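Novice: Please see the structure below; I have some questions.
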Amino acid sequence: MKAEGGNGKRLEELKGISFELDKCTKSLTNYLDSKKMISPRFYFISDEDLLLILGNSDVRAIQPQMIKLFDNCKALTFGQGNKIITHMTSEEGEKFAFETPVKPEGKIEEWLVRVDNEMKRTLTIIAKKAVYQYAKEERLEWIKNQLGMIALVGTQIWWTFAVEDVFRQVALGNKHAMKQELAKESSDLNDLIALVRTDIDSLLRKCVNTLIILDVHARDIVDTFVRDSIMSAKEFEWESVLRFYWDIKKDDIEIR
């Protein structure tokens, strides 16, 4: 009887421990969820990784998780004794400077949001400057001076503008405008092919290789327009194409 009584007491103790463990687990889950609500990028990493970050007073503890938190962002650059964040670097080593350095002060979930916002703001500014500079520079030189992703989106914005400008020229009576655009795009493509055959660094080579693919696709679309006599931007053949614009009212890129 004593043994049975002891087992019963032990069972109650185990139930009590299990209950308290459940309470602790729920409290921990609620705590981590509260951090994720403030900085949603924390949803991209495991709870174990998040606990490592939250439990470390060193702001640089975020570095090993950056590639998971931000797409293809390998690291942040800290300056002034880790009191400011000045740059963001990709896995390939491509780097850009924040327009306004971010201070990693306060709770990590709060300053990470500031990093996120500054990344978006800076890239928007860089993209805007690049788009407006495109027509003022020789194309290959412009490409060499841009971040890879900025060169890709800027090229597509200007291609959209160029084709729609052709439609305007056709409406004004220039029936050969589309053929002229096709010749120009073929020439631009040949320039890229010539560039990629030279001794250029790996970052530029990756960008140019991707641009060649985009340019071939763009040229083929225009070639189809010439072949099928597509003369208006309102025709389905153009409206069905993925088009990039710099929306002046929104002051941002718009994809249609």
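The values are calculated or read from the model by the stated rules, or taken from the named source; none is laboratory data. Being a predicted model, the structure only gives us computed values, none of them experimental. Glycine gets a Cβ as well: all are built from the backbone with ideal geometry, and neighbour counts include every protein chain shown.
Novice: Which of the numbered conditions does ARG205 fail, given that it passes all the others? Conditions: (1) closer than 25 Å to LEU123 by Cβ; (2) surrounded by 17 or more Cβ atoms within 10 Å (Cβ to Cβ); (3) among the basic types (Lys, Arg).
Specialist: It is condition (2) that ARG205 fails.
Novice: Considering only residues that are part of a helix (DSSP H, G or I) and either at pLDDT below 95 or in contact with an Asp or Glu (Cβ under 9 Å, 6 or more places away or on another chain) (or both), which ones fall in the range 238-256?
Specialist: Of the range 238-256, the ones part of a helix (DSSP H, G or I) are 238-239.
Answer for the range 238-256, where residues must be part of a helix (DSSP H, G or I) and either at pLDDT below 95 or in contact with an Asp or Glu (Cβ under 9 Å, 6 or more places away or on another chain) (or both): just TRP238.
Novice: Restrict the check to the range 172-181 and report whether at least one residue is surrounded by fewer than 16 Cβ atoms within 10 Å (Cβ to Cβ) and in a helix (DSSP H, G or I).
Specialist: Step one: list which residues in the range 172-181 are surrounded by fewer than 16 Cβ atoms within 10 Å (Cβ to Cβ), which gives 172-176, 179-180.
Now restrict to residues that are in a helix (DSSP H, G or I): 179-180.
Yes, the range 172-181 has at least one match.
Novice: Tally the residues that are among the charged types (D, E, K, R), in a helix (DSSP H, G or I) and touching a Phe, Trp or Tyr at 6+ places or on another chain (Cβ under 9 Å), restricting the search to the range 183-237.
Specialist: So in the range 183-237, the residues among the charged types (D, E, K, R) come out as 184-185, 188, 191, 197, 199, 201, 205-206, 215, 219-220, 223, 227-228, 234-235, 237.
Applying the additional criterion that residues be in a helix (DSSP H, G or I) yields 184-185, 188, 191, 205-206, 215, 219-220, 223, 227-228, 237.
Next, only the ones that are touching a Phe, Trp or Tyr at 6+ places or on another chain (Cβ under 9 Å) stay: 185, 215, 237.
The total comes to 3.
Novice: Report whether or not GLU141 is crowded, with 17+ Cβ neighbours inside 10 Å and either not assigned by TED's automatic domain parsing to the domain that holds SER202 or not β-branched (Val, Ile, Thr) (or both). Even if it seems obvious, please write down each step before you answer.
Specialist: Details: crowded, with 17+ Cβ neighbours inside 10 Å: no; either not assigned by TED's automatic domain parsing to the domain that holds SER202 or not β-branched (Val, Ile, Thr) (or both): yes.
So GLU141 does not fit the description; no.
Novice: Cβ contacts < 7 Å: first residue not assigned by TED's automatic domain parsing to the domain that holds ILE126 and of a type in the set (Ser, Thr, Tyr), restricted to the range 231-256; second residue assigned to a helix (DSSP H, G or I) and surrounded by 14 or more Cβ atoms within 10 Å (Cβ to Cβ), any location; separation 6+ or different chain. Result?
Specialist: Matching pairs, first to second residue: SER232/PHE167; TYR245/ILE157; TYR245/THR160.
Novice: Are any residues in the range 61-102 among the acidic types (Asp, Glu) and not in a strand (DSSP E or B), and if so, which ones?
Specialist: Filtering the range 61-102 down to residues among the acidic types (Asp, Glu) leaves 71, 91-92, 94, 99.
Scanning the range 61-102 gives ASP71, GLU91, GLU92, GLU94.
Novice: Next question, about the same structure. Determine, yes or no, whether SER57 is farther than 24 Å from LEU147 by Cα and part of a loop (DSSP other than H, G, I, E, B).
Specialist: Details: farther than 24 Å from LEU147 by Cα: yes; part of a loop (DSSP other than H, G, I, E, B): yes.
Spelling it out, SER57 is indeed farther than 24 Å from LEU147 by Cα and part of a loop (DSSP other than H, G, I, E, B).
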